[in-house]
Amino acid sequence: MSIATNPQTSTADDEPAISVPDSGDAGEGGKLKMIIQLVKKCLGVKDIASMRLSLPASLLEPIPNLEYWHYLDRPDLFAAINDSNDPFERMLSVLRFAFTKDLKFIHGKICKPYNSVLGEHFRAHWDVVPIAYPDEPTEPPTPQIFTVPAGTSNGPIETAFVSETDSVRSGKSSKSTRSGLSFVSKPKKSPSTAATSPQQPVETNVAAQMSKLSLDGRNSGSSDSLEEQPRLRVIYVTEQVSHHPPVSAYYASCPSRNVEMSGIDQISAKVSGTTLRVSPGQYNQGIFINLTGGFGEGEAYHITHPVASVNGILRGSFYLTVGDSTIITCSGGRPGHKFRTIIEYKEESWLGRAHFLVEGVIHSVHDGDTQHEEWTKVKHVPQNRIVAIFDGTWRGHIRWRRVGAGSYPTAISSVASSPNPSHSQLPTPTIPAASESKADISRPGNDEYTTLIDLSTLQIIPKEVRPLEKQLPHESRKLWQTVTDHLVNKEFSEATKEKMAIEQRQRDDAAERKRKGIEFVPRYFEQDVSRGYPTLTPEGWKAVEEELEENSAYCIEGTQGAKLAA
């Protein structure tokens, strides 16, 4: 099924745009007035994301939409999914990745990037240090770069976000790994050492952050050792494949670890009261992760998206809350029991401050059984199918434990009880082991809580992007360069004019295609997105290969293990 509109029919480009006039005040007060006007105009609109909306450039952040959305805020944890030979441990790795894929909303401000135009595309890569695994099995794996000690962050950490937007502004390649060395902890003398120690305290002042980013590895105690470690290259390619509705396709991979990810991005947004409620669009079926070799060869993981709400609109102080559930399902791979995870985001009370609470379970899945497909909440899962439980805050520390001689959250859990919900004793589930596996929850000592992940200690790892002179005309940074330059210089009126010119060119192109009776054809992805994940075209595979081979001072493994076929 193709989502492209019939060139002979009317599209949303034929309809007048809903616009918000520029107040002329670039300060916070002026922005707040424009936001309130926007909210009023969107009341009663079924789906804001599908309407033509023209915003003043002063309300936008200088970053393209395709670059802003990528789910790889921690590519090192994405690359680590296939590190273990145990299927339960691999599920834990996918769970850690799921909690870090949108770290920007925890340690960065909520912003409005540029709307993508049809045919716009973006590509980037990261060269990351593999995460470390302690000798003590109860300790969580330890990321090696862009970390801070637990408890040092009292608010949003915007250092990595600033480095990314700064690279967009400058039009240069964002060599993130070098600048990131100013934020890494000292390498551990042994894998069992879990503590981290940053070389510089995190500053909240933007100027101070930029100063730190320019230190260029001045903290030689950490940079010298880290530079000697092999790097894992993670690449990312995405393209806007439809404009009405706005839909993009994406593909990411770490070939040296046999991990790849793909999906279709589309959101649906609606103003509800004083909040903006954002949910997956009809073509967005979640994130699809495939293990193409190694320990988990043949396994496929499907991660669904929850529902989010942007709050604090009328106060001009935005923050995000999450509701509903995320389901992680494993299929394929070697014969034996599989695992499924339910992440349940707790509803926030309308009184008091937000708690950002989460709890969930990992349960077993029997071959040929489908009844688990109806389980979307913690309380739906039978007690004898539970393997592990977890709880905490999705903005900070999340703990987990195996269930057996341990405990399990009751069906009723409130904001007041989490992240320490009431528990009841359960019998040990009977799970036949396909091999010597850590999923054997009857082992002694498995009833203790341990850290699953501490999101407060993780910063966003900035990406590396080819310089503007190497980019194509419809590549995101190249396409929006003039708008970005004007925004950086606070020339908001000129930025708005350039933005409107780009939007008008898109409408003109659509009208020309309609006149000629032709249909838009994406460059990097096949047009059929009905399965929820895209297929790369030969041009798409070429872009992937070029990104894998892009020069970097840090990438040692490069394309090792890559098996790319058009």
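Against the criterion of solvent-accessible heavy-atom surface with a 1.4 angstrom probe, 530, 262 sort, most first, into 530, 262.
What's the Cα-based Rg to Rh of the range 260-412, Rh via Kirkwood?
Ratio of gyration radius to Kirkwood radius for the range 260-412: 1.00.
Computed from the Cβ-Cβ distance with R0 of 30 Å, the FRET efficiency linking residue 85 to residue 509 stands at 0.05. Orientation-averaged projection of the range 312-364 equals 5.0 nm² [convex hull of Cα atoms, one quarter of hull surface area]. Taking label positions 7 Å along the Cα-Cβ direction at both residue 500 and residue 469, the computed distance is 3.5 nm, reported to one decimal.
In the complete set of protein chains, residue-level accessible area for residue 318 is approximately 80 Å², probe 1.4 angstrom.
Here the range 52-114 is treated with +1 on each Lys and Arg Cβ and -1 on each Asp and Glu Cβ, and its dipole about the Cα centre works out to around 360 debye.
Going by average Cβ neighbours within 10 Å, how do the peptides 490-499, 63-72, 457-466 rank, with the highest at the top?
Numbers: 490-499: 17.4, 63-72: 22.9, 457-466: 25.5.
Result, highest mean first: 457-466, 63-72, 490-499.
How much net charge surrounds residue 371 when only the other residues with a Cβ under 12 Å from the Cβ of residue 371 are counted, with Lys and Arg +1 and Asp and Glu -1? Charge balance near residue 371 sits at -1.
The values are calculated or read from the model by the stated rules, or taken from the named source; none is laboratory data. Being a predicted model, the structure only gives us computed values, none of them experimental. Positions of Cβ are backbone-derived with ideal geometry, glycine not excepted, and every protein chain shown enters the neighbour counts. In case anyone asks, the SASA skips ligands and DNA or RNA and just uses the protein heavy atoms, side chains included. Shrake-Rupley method; radii C 1.70, N 1.55, O 1.52, S 1.80 Å.
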